[in-house]
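Trainee: What follows is a structure written as structure tokens; I'll ask about it next.
The values are calculated or read from the model by the stated rules, or taken from the named source; none is laboratory data. Please read these numbers as outputs of a predicted model, since none were measured by experiment. We place every Cβ from the backbone using ideal geometry, glycine too, and count neighbours over all the protein chains shown. Keep in mind that these areas ignore ligands, DNA and RNA; they rest on the heavy atoms of the full protein, side chains included. Shrake-Rupley method; radii C 1.70, N 1.55, O 1.52, S 1.80 Å.
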Protein chains: 4
Amino acid sequence: MTDQRSYPTGIGTSSTDSIELLGLDLASDVLGKVSFGELAYWLATKRRPTPGQLRVFEAVLVSLADHGYTPTAIAARMTYYSAPESVQGAIAAGLLGGGSRFLGVTEDTGQFLAAIVKPLGDTSAYADADWDAVALDTVATAKAEGSKVPGLGHPVHKNGDPRTPVMFQIAREADVYGPQLSLFEAIGRTHAQVLGRTLPLNGAGVAGAALADAGLPLALLRGFALLARTAGLIGHLAEEQSDPVAPSIYMEVDRNARYVAPEH
Amino acid sequence: MTDQRSYPTGIGTSSTDSIELLGLDLASDVLGKVSFGELAYWLATKRRPTPGQLRVFEAVLVSLADHGYTPTAIAARMTYYSAPESVQGAIAAGLLGGGSRFLGVTEDTGQFLAAIVKPLGDTSAYADADWDAVALDTVATAKAEGSKVPGLGHPVHKNGDPRTPVMFQIAREADVYGPQLSLFEAIGRTHAQVLGRTLPLNGAGVAGAALADAGLPLALLRGFALLARTAGLIGHLAEEQSDPVAPSIYMEVDRNARYVAPEH
Amino acid sequence: MTDQRSYPTGIGTSSTDSIELLGLDLASDVLGKVSFGELAYWLATKRRPTPGQLRVFEAVLVSLADHGYTPTAIAARMTYYSAPESVQGAIAAGLLGGGSRFLGVTEDTGQFLAAIVKPLGDTSAYADADWDAVALDTVATAKAEGSKVPGLGHPVHKNGDPRTPVMFQIAREADVYGPQLSLFEAIGRTHAQVLGRTLPLNGAGVAGAALADAGLPLALLRGFALLARTAGLIGHLAEEQSDPVAPSIYMEVDRNARYVAPEH
Amino acid sequence: MTDQRSYPTGIGTSSTDSIELLGLDLASDVLGKVSFGELAYWLATKRRPTPGQLRVFEAVLVSLADHGYTPTAIAARMTYYSAPESVQGAIAAGLLGGGSRFLGVTEDTGQFLAAIVKPLGDTSAYADADWDAVALDTVATAKAEGSKVPGLGHPVHKNGDPRTPVMFQIAREADVYGPQLSLFEAIGRTHAQVLGRTLPLNGAGVAGAALADAGLPLALLRGFALLARTAGLIGHLAEEQSDPVAPSIYMEVDRNARYVAPEH
């Protein structure tokens, strides 16, 4: 009887003399010929991106890489302060905050839009007016259900997230502007008719729409936000190495701690 | 008295109407104009890379992104299997293996070479023979101390790591071939004279030398291996979503568990 | 103007001469007088447990501490193998698998039961027949909705999870047997009438019911499973230090990797 | 040919009808009969602790469980704020700070003392004066090497860590006061003669000495600090669920961020 244990993979294997990545020879076909962004796309989809898809993908990664002193950056800096011997621990701690409240918007928006777009079938002939109709229906349904439209609204950029129009433009130039971005932009044009007030389309949301139109897997959109954020966290840790702020944050909190007895 | 609390940073800040990254306006100056690799370099160093530095940096990231079923990939897949609702947890678990035994070689090699190179001062006029002399001394010192030269040797690619010559070539073409790569290549040429056997220069080691020559901070070289690996882990998780192997690995181990009583 | 920054906490504070924990003096009132299990309960609830609550809480922790080569144990061992310098990373990697698929059952069951029990108001006079009626209704509702009753069924212990009857007995002896355990036990007695087949009440589920009856916060039940599992992971890492299996698992997977081209 | 794959373990295995832990039947021999602290000791050492060892072990866990708003507690709270759906991520982030700077003292002290004690052989007949001689030599050697004695000194409790005398007393009462605690206490008595000033013996250090004397494995002492800390982190997260401070800390930092251009 042959033992049929086998762990299939399409990513990478290696032997004594070669390293294969995605079915290619890493040394001769990939190194120096594929950018890191392109490889990341390829690894996630097992398809090489078109130049337009790659341009949008890189722009999305850039837009999500950092937002200053977010809770995730603070967690990473605190962890580095406590355990400077483990850079991997500090980055991991930062990424662990990549959940529903902050980084989750990208994935939530992409999946929300895709779920509406998919049943529409071929939308290649849709005009803005068609998308506006879909958008009005989408927002009205969300309102009736008491739920929010993911990606609509921003706690800080109340007059408009500066990343949003640029991302639409890049996607148009790159010929990657598809149904998810179309619907998201239409939501931006029409939601005030339903909600009675104008909210910004936020940059993390447009990132999700753009990733979906660029062909990235919906179930992993959060992963790309995490990849982007890893670059930002490295920046924070480099800064923490040269000009630390974690000790000041710690002292600020510790010095202003106040004991409160439980009420029961 | 003014309260002087202040948390300085050179990375990013945002206001209602703008997002600044590295002192630039994210929307108008960065998005669509800077690749993700370029931004990652910039965030880590606060300097924009030259085209040559960027080319080497991207090549290094590509070379480190994935190596198939490494322990870190297995850990990430296991974690995804257990907690599929938390992609960030699976990626973090994978990165946590980015320590001394596997990913550490990149940083160890870069730091080892830099420590030898630094006291040499200006080495721009060094010929190969000069580097060979330094290399012989370096290997002889390591041998005398009973320590290993980081980056020398590879458990699998015993006849030569296929990435290594390509990386030297890319660095030369990009005009980024500097003292760390020079010394590392000289170690490759000369170590057999001291050690009595020929070992390959490994790809993770040459990555460290290249990052050092490309101007990345030595204290964070492991961070770049982690950034690269994040892309690989996303590939593994995408595959785990469509064609999971974690359940098979788990079953293989669980089914072949055997209780062994302690000896005391 | 007074700066009113303040970070209230009921957990701990310290000054030059004393350390306070939960409003008590750590050195004179806690050390040597409170067991670790008792302190863990106290920290989570800010109430000292009754002896019965503590007995049930410790029994639950013990029941959840380890299950051999689970995916989380494998992830922790793989991470330790890759980064032996960071025990905290290996434990963290193991805990990150404490999500919905394995450890989540405890929290899901506790919350599910509590949501049914709460609207019932005072159930102190309920007899078994009353709980059976509630249970039948609960299972029938879940069946009608096509959802599962958390904690019902087990992939391995198909004839009954050996932990379950012992936990019911401990809770009865400790006088902590309350509405959640009552309902869970009634589900065990009655579900076959609705589902047409007999499923075991699983040990992670009864743990959730017991934690709820013992007064632990429902929103943190998963946290106790993680605390318990930390002890198990330390056991695995101790074993990995003396008799490692991670290299064998890695080799098994790596040696049986097989490249499969993508289908698109 | 027999396939000899096998993954030995002394921790746990399970079959359809039973769960074995440490070679015992979990349901009938462990549940309700072994406290969580006792199980944690047993898992780590594969030996059941004596009552005295267990008393010291539980006291050490209690002493290390929490210290208020430490960097690790802040990291855990930040992570919970960002990703409230993943309690395991928040706890993992907190534990990742369990590294060299804060939690490391316990392991460093235990290992440092054990390395000095081991070559002494049988010290059962040592009187205080003998330990004082060893201690003087130990401190003098450290001073000559320019290194610090781990566990000596504390940033806050400059007049003495209140946990330290209590831990010595508990160990004496429990008959677990052995060579590591003896040497540590002697260092406390004698170091001022060498260093010219009096430093406190810190509580994390005495914890390491006590764990060593209680028979826990030196290579995992950090693991016990992490186990203890898990209970503290659960307390912080319970508080964050009811009375969050993470949003205030985030706002404090974000509002006081100040952009500083790089100097190069």
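Trainee: Mind putting a number on the dipole of the protein assembly as shown about its Cα centre? Charges go on the C-beta only, +1 for Lys and Arg and -1 for Asp and Glu, and I need it in Debye to the nearest 20.
Mentor: 0
Trainee: Also: Give, in nm to one decimal, the length gained when the segment between B:K148 and B:D29 is fully stretched (0.36 nm per residue of separation minus the Cα-Cα distance).
Mentor: 38.2 nm
Trainee: Given charges of +1 on the Cβ of Lys and Arg and -1 on the Cβ of Asp and Glu, with all other atoms neutral, how large is the dipole of region B:43-101 about its Cα centre, in debye to the nearest 20?
Mentor: Around 340 debye, computed over region B:43-101.
Trainee: Please compute the modelled spin-label separation between B:H264 and C:D130, points set 7 Å along Cα→Cβ, answer in nm with one decimal.
Mentor: Taking the two extended label points, one gets 5.2 nm.
Trainee: Which value, in debye to the nearest 20, gives the size of the charge dipole of region B:4-99 about its Cα centre, when Lys and Arg are +1 and Asp and Glu are -1 at the Cβ?
Mentor: 300
Trainee: Here is a follow-up. Where in chain D are the DSSP H helices whose alpha-carbon span along the long axis reaches 18 Å or more and whose Kyte-Doolittle mean is at least -0.5?
Mentor: Helices meeting the span and hydropathy rule in chain D are D:51-64, D:104-117, D:128-145, D:179-195, D:221-242.
Trainee: Count charges around B:G52 for me, please; just the other residues with Cβ under 13 Å from its Cβ, Lys/Arg as +1, Asp/Glu as -1.
Mentor: -2
Trainee: Also: Measure out, as a whole number of angstrom, how far apart the alpha-carbon centroids of region B:14-33 and region D:54-132 sit.
Mentor: A separation of 43 Å, based on Cα centres.
Trainee: Is the shape of chain A best called rounded, prolate or oblate, per the rule: a/c under 1.5 gives rounded, else a/b larger than b/c gives prolate, else oblate, with a ≥ b ≥ c the square roots of the Cα gyration tensor eigenvalues?
Mentor: Taking the square roots of the gyration eigenvalues as a ≥ b ≥ c, chain A is oblate.
Trainee: Can you pick out the pairs among A:K143/B:K33; A:K148/C:K46; D:K46/D:K143; B:K158/D:K46; C:K158/D:K33 whose Cα atoms lie more than 32 Å from each other?
Mentor: Beyond 32 Å between Cα atoms: A:K143/B:K33; A:K148/C:K46; D:K46/D:K143; B:K158/D:K46.
Trainee: Put +1 on the Cβ of each Lys and Arg and -1 on the Cβ of each Asp and Glu in region C:105-217; which of C:A207, C:V194, C:T109 then has its Cα farthest toward the positive end of the dipole?
Mentor: Working it through, the farthest residue towards the positive pole turns out to be C:V194.
Trainee: Next question. If you put a point 7 Å past Cα along the Cβ direction, how far is that point for B:D29 from the same point in each other copy, in nm, smallest first?
Mentor: Distances to the matching label points in the other copies: 4.1, 5.6, 7.0 nm.
Trainee: Let me ask something additional. Between copies, how far apart are the A:S18 label points? List them in nm, one decimal, shortest first, with each point 7 Å from Cα toward Cβ, please?
Mentor: 5.2, 5.3, 7.3
Trainee: Also, I was wondering about something else. Please report, for C:S248, the nm distances (one decimal) from its label point, 7 Å out from Cα along the beta-carbon direction, to the equivalent points in the remaining copies, shortest first.
Mentor: 2.1, 5.4, 5.4
Trainee: Only sites in a loop by DSSP and with at most 16 other Cβ atoms within 10 Å count here; which trypsin sites (Lys or Arg not before Pro) in region A:12-119 make the cut?
Mentor: A:K33, A:R47, A:R101
Trainee: I've got another one for you. Just the number, please: buried accessible area between D and A, total of both chains, 1.4 angstrom probe, nearest 100 square angstrom.
Mentor: Summed over both sides, the interface buries about 2700 Å².
Trainee: Let me ask another. Find how many whole Å separate the alpha carbon centroid of region C:171-209 from the alpha carbon centroid of region D:245-264.
Mentor: Centre-to-centre (Cα) distance: 51 Å.
Trainee: While we're on this one: Within 10 Å of each candidate Cβ there may be at most 15 other Cβ atoms; applying that plus a DSSP loop requirement, which trypsin sites (Lys or Arg not before Pro) in region C:173-264 survive?
Mentor: Listed in order of number, the matching sites are C:R197.
Trainee: Grab the beta carbon distance between D:R172 and A:E85, set R0 = 35 Å, and tell me the FRET efficiency rounded to 0.05.
Mentor: 0.50
Trainee: Which whole-number value in Å² is the accessible area per residue of the protein assembly as shown, probe 1.4 Å?
Mentor: Accessible area per residue, the protein assembly as shown: 36 Å².
Trainee: Taking chain A as a Gaussian network, where each spring joins two C-alpha atoms under 10 Å apart, which residue of A:A40, A:A144, A:A212 fluctuates the most?
Mentor: Looking only at A:A40, A:A144, A:A212, the largest GNM fluctuation is found for A:A144.
Trainee: Rounded if a/c is under 1.5, else prolate if a/b beats b/c, else oblate: with a ≥ b ≥ c from the C-alpha gyration tensor eigenvalues square-rooted, which is the protein assembly as shown?
Mentor: Since a/c stays below 1.5, the shape of the protein assembly as shown is classed as rounded.
Trainee: Can you classify region D:174-261 as rounded, prolate or oblate using the Cα gyration tensor, where a ≥ b ≥ c are the square roots of its eigenvalues, rounded means a/c under 1.5, and otherwise it's prolate if a/b beats b/c and oblate if not?
Mentor: Since a/c reaches 1.5 but b/c is at least a/b, the shape of region D:174-261 is classed as oblate.
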